[in-house]
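One structure is given here, and the rest of the page talks about it.
The values are calculated or read from the model by the stated rules, or taken from the named source; none is laboratory data. Because the structure is predicted, anything quoted here is derived from the model rather than measured. Glycine also receives a Cβ, built like all others from the backbone with ideal geometry; neighbour counts cover every protein chain displayed. Protein only, heavy atoms only, side chains kept; ligands, DNA and RNA dropped before computing areas. Shrake-Rupley method; radii C 1.70, N 1.55, O 1.52, S 1.80 Å.
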Amino acid sequence: MSRPLLLALTTSLLLCLPLRLQPALANAPASPPAASGVKTLRYAFRVAETSFDPIQVTDLYSRTVVGNIFEAPLEFALMARPFQVRPNTAAAMPEVSADFKTITLRLKPGIHFADDPAFKGRKRELTAADYVYSIKRHYDPRWKSGNLYVMENARILGLSELRQKLLRENKPFDYDTEVEGLKALDRYTLQFRFAEPQPRFLYLLGDSALFPAMAREVCEAYGDKIGAHPVGTGPYRLAQWVRSSKIVLDRNPGYREVLYDEQPPPDDARLQAIAQRYQGRRLPLNDRVEVSIIEENQPRWLAFLNAEHDLLEEVPVDFAPQVLPNNQLAPHLARRGIGMERYLRADISASYFAMEHPVVGGYTPERVALRRAIALAVDVDREIRLVRRGQAIPAQSTVGPNTWGYDPAFKSEMSEFDRAKARALLDMHGYVDRNGDGWREQPDGTPLVLEYASQPDQERKQLAEHWKANMDAIGIRIVFKLAKWPEQLKASRAGKLMMWGVGWSATVPDADAFLELGYGPNKGQANHARFDLPSYNALHDRQRALPDGPERAALIEQQKKLMVAYMPYKAHVHRVFTDLTQPWVQGYHRNVFARNSWKYVDIDLAELQRRSAQ
């Protein structure tokens with residue numbers, strides 16, 4: 001029997017077997033494809049991409065692709081701890097004024113965009129004007145930037161005012177009007193000026209979805225189809241795209257010489273060995289990246305198990321007991337040479353309440369009591385144990401780990417489970433069963449029905465079942481509105497959902513990335529709940545302008561307590577992720593803030609060939 005046929009039959013058999021029988025078959029090593037001489041990294045996204053226009057994307061998966069095609073002036077150092085940014089297209093770290101209101105940076109000359117027909121056969125050099133243009137695209141209503149709130153909160157002088165002026169006049173955005181806060185001082189020098197201090201703006205300059213280098217002629221050539229034609233200066237270029245199915249990136253042949261130069265912590269022997277091995281090697285270390293979209297956990301796991309994928313990003317929780325008994329790599333996988341990396345991502349998994357919704361929204365005592373009661377009825381420990389298979393820790397606030405402002409000692413009602421207290425709150429505020437059917441009504445006697453948005457994958461189905469059990473226990477009806485993630489995102493931004501369970505990942509190592517979720521001016525963008533409390537907004541404005549220190553930490557704690565008190569979000573957990581790599585994958589390391597990490601992953605073709613021959 002040929003090896004491809006054997007693999008196909010093994011996969012089919014595994015799909016038909018109960019989960020408890022699969023580990024026995026998994027002990028049999030799968031054979032990888034024969035090495036082709038092209039170093040190809042293959043893995044899967046669990047959620048479909050939305051676009052490859054950096055200005056339009058907000059989801060983690062699209063941002064990952066964008067981060068490997070486009071470049072920001074700075075980047076996060078792969079191995080540095082604590083997390084820090086370093087020059088990328090910038091020639092050196094930017095100059096920052098003492099009052100944090102002016103930042104000036106100079107670009108490296110000689111950086112070129114990948115070839116594209118829009119350049120009409122010319123080599124196109126990156127200039128400061130390209131960043132000016134790209135940043136202005138966030139402010140152009142045509143592109144509906146999901147990150148506009150980040151830019152506007154930075155208070156770049158003149159840009160928000162220009163946007164509002166043109167909106168009032170019903171005119172297209174004017175890219176040629178110079179503003180005080182964003183200037184190309186010369187061909188390679190870019191300057192920002194702010195209305196308020198921006199002590200952590202350098203972190204944002206390491207995010208290529210916020211500050212991508214884009215060429216104006218490319219954007220104008222492709223117009224509304226720019227999301228399908230990403231042209232950047234980064235190590236990869238888009239070679240193939242089958243929407244919601246497959247994404248292929250090839251090495252950019254015009255990518256400048258960039259050498260591997262990482263400085264890992266001295267006490268991390270594994271990272272020290274990787275850094276020593278690759279020091280001075282030219283990036284990227286691989287030639288091609290192939291990403292499949294596989295939304296269901298089982299086929300994504302099987303693709304890795306059968307060596308069809310080189311990397312399994314985020315082991316599905318369904319398989320954690322078999323793959324990670326006692327949170328250690330299973331012996332049968334260790335014998336195959338599988339590598340493992342576990343980490344807390346800077347994220348939260350939360351359910352939001354739409355604060356403008358007539359049933360769950362509002363700031364009156366009875367509505368606050370309703371949200372608090374619902375939150376108290378959620379058994380997070382059971383969710384972690386049974387649904388998430390132990391791959392999470394309870395969240396005490398909406399601020400995630402690995403960020404400045406996260407306090408592991410902070411405790412709050414956010415993680416409290418007390419159904420007796422929940423029932424008492426509901427009874428006290430008039431949410432009682434008036435007609436004897438076993439379900440509570442609203443204080444005015446109308447039906448109380450929660451509508452919770454979710455996705456149709458297996459993990460979300462389990463979470464929905466858990467939600468229903470929690471609400472049944474306190475006499476509240478709940479129904480589920482199922483749709484794919486991009487559809488739910490669109491509806492959420494439009495304010496059309498009552499409740500939705502979402503994950504939120506920070507792009508910078510600072511609590512501000514999470515506190516933005518409750519900031520009133522961010523409604524319809526990061527603030528999906530549309531929470532708008534003046535006292536919270538005032539605290540947010542104050543802490544954001546301060547340098548890190550005790551005064552800022554105290555204000556952040558007040559913000560966290562207000563979010564607990566009003567409960568626009570029920571923060572469930574911070575997830576613990578595990579990535580697995582095949583034995584021929586070398587140099588892999590997860591930095592939760594580096595979106596451009598594909599270039600650091602090597603494929604050992606000799607090892608791949610050896611295992612293919614077995």
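Summary of values
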{"read-out": "Helices (runs of 4 or more DSSP H) wholly inside the stretch 255-358 containing at least 2 residues that are crowded, with 18+ Cβ neighbours inside 10 Å and not charged (D, E, K, R)", "value": "269-278, 297-305, 320-323"}
{"read-out": "Residues of the stretch 185-215 classified as hydrophobic (A, V, I, L, M, F, W, C) and in a helix (DSSP H, G or I), total", "value": "3"}
{"read-out": "Matching residues in the stretch 557-614 - criterion: being farther than 29 Å from GLU383 by Cα and of a type in the set (D, E, K, R)", "value": "ARG595, LYS599, ASP602, ASP604, GLU607, ARG610, ARG611"}
{"read-out": "Checklist (1) within 28 Å of GLY520 (Cβ to Cβ); (2) open to solvent by less than 50 Å² (accessible area, probe 1.4 Å) applied to GLN191, failing item", "value": "(1)"}
{"read-out": "Top-ranked residue of the stretch 508-556 - restricted to ones that are among the hydrophobic types (A, V, I, L, M, F, W, C), in contact (Cβ under 8 Å) with a residue 24 or more places away in the chain and not in a loop (DSSP other than H, G, I, E, B), ranked as farthest from THR64 (Cα to Cα)", "value": "ALA553"}
{"read-out": "Top-ranked residue of the stretch 198-232 - restricted to ones that are among the hydroxyl-bearing types (Ser, Thr, Tyr) and under 17 Å from SER51 (Cβ atoms), ranked as modelled with the highest pLDDT", "value": "TYR222"}
{"read-out": "Pair list, Cβ < 6 Å and 6+ apart or interchain, from the stretch 379-404 residues that are open to solvent by 60 Å² or more (accessible area, probe 1.4 Å) to residues that are assigned to a loop (DSSP other than H, G, I, E, B) and of a type in the set (D, E, K, R)", "value": "TRP404/ASP548"}
{"read-out": "Residue satisfying all of: in the stretch 359-404; in a loop (DSSP other than H, G, I, E, B) and closer than 23 Å to VAL323 by Cβ; nearest to the chain's Cα centre (by Cα) among these", "value": "PRO401"}
{"read-out": "Near pairs, Cβ below 7 angstrom, 6+ apart or cross-chain, from the stretch 169-191 (under 24 Å from THR102 (Cβ atoms)) to any residue that is at pLDDT 95 or above and open to solvent by 50 Å² or more (accessible area, probe 1.4 Å)", "value": "GLU180/ARG193; GLY181/ARG193; ALA184/ALA129; TYR188/ARG106; TYR188/PRO109; THR189/ARG106; GLN191/LYS183; GLN191/LEU185"}
{"read-out": "Residue under evaluation GLU308, criteria (1) at positive phi; (2) more than 24 Å from the chain's Cα centre (by Cα), criterion not met", "value": "(1)"}
{"read-out": "Sole residue being over 24 Å from GLN462 (Cβ atoms), without any contact (Cβ under 8 Å) to a residue 12 or more places away in the chain and assigned to a loop (DSSP other than H, G, I, E, B), chosen from ASP437, ASP427", "value": "ASP437"}
{"read-out": "Filtered residue count, the stretch 551-576, keeping only those that are closer than 19 Å to SER505 by Cα, of a type outside the set (Lys, Arg) and out of contact with any strand residue (DSSP E or B) (no Cβ under 7 Å at 6 or more places or on another chain)", "value": "2"}
{"read-out": "Residue in the stretch 557-565 that is more than 24 Å from the chain's Cα centre (by Cα) and free of Cβ contacts under 8 Å to residues at least 60 places away in the same chain present", "value": "yes"}
{"read-out": "Qualifying residues in the stretch 407-426 (those that are charged (D, E, K, R) and more than 17 Å from ASP472 (Cβ to Cβ)) - the one surrounded by the fewest Cβ atoms within 10 Å (Cβ to Cβ)", "value": "LYS411"}
{"read-out": "The listed residue being surrounded by fewer than 23 Cβ atoms within 10 Å (Cβ to Cβ), within 23 Å of ARG155 (Cβ to Cβ) and touching a strand residue (DSSP E or B) at 6+ places or on another chain (Cβ under 6 Å), out of ASP579, ASP548, ASP532", "value": "ASP548"}
{"read-out": "Residues located in the stretch 590-614, provided they are farther than 20 Å from TYR203 by Cα and in a loop (DSSP other than H, G, I, E, B)", "value": "VAL601, ASP604, ALA613, GLN614"}
{"read-out": "Failed item, numbered, when ARG542 is tested on (1) on the phi > 0 side of the Ramachandran plot; (2) open to solvent by 30 Å² or more (accessible area, probe 1.4 Å)", "value": "(1)"}
{"read-out": "Complete set of residues in the stretch 578-589 that are on the phi < 0 side of the Ramachandran plot and assigned to a loop (DSSP other than H, G, I, E, B)", "value": "GLN582, PRO583, TRP584, TYR588, HIS589"}
{"read-out": "Selection within the stretch 232-254 - open to solvent by 10 Å² or more (accessible area, probe 1.4 Å) and either part of a strand (DSSP E or B) or of a type in the set (A, V, I, L, M, F, W, C) (or both)", "value": "ARG237, LEU238, ALA239, GLN240, TRP241, VAL242, LYS246, ASP250, ARG251"}
{"read-out": "All positions within the stretch 427-439 that are open to solvent by less than 60 Å² (accessible area, probe 1.4 Å) and farther than 26 Å from TYR363 by Cα", "value": "GLY438"}
{"read-out": "Restricting the stretch 470-484 to residues that are aliphatic (A, V, I, L, M) and in contact (Cβ under 8 Å) with a residue 60 or more places away in the chain, the residue that is nearest to VAL360 (Cα to Cα)", "value": "ILE476"}
{"read-out": "Any chance ASP512 is out of contact with any strand residue (DSSP E or B) (no Cβ under 6 Å at 6 or more places or on another chain), closer than 28 Å to PHE45 by Cβ and at pLDDT 95 or above", "value": "yes"}
{"read-out": "Filtered residue count, the stretch 444-488, keeping only those that are farther than 27 Å from ASN527 by Cβ, among the small types (Gly, Ala, Ser) and buried (at least 18 other Cβ atoms within 10 Å of the Cβ)", "value": "1"}
{"read-out": "Any hit, the stretch 489-507, residues being open to solvent by 20 Å² or more (accessible area, probe 1.4 Å) and free of Cβ contacts under 8 Å to residues at least 24 places away in the same chain", "value": "yes"}
{"read-out": "For ARG595: the one exception among (1) surrounded by fewer than 21 Cβ atoms within 10 Å (Cβ to Cβ); (2) closer than 30 Å to ARG282 by Cβ", "value": "(1)"}
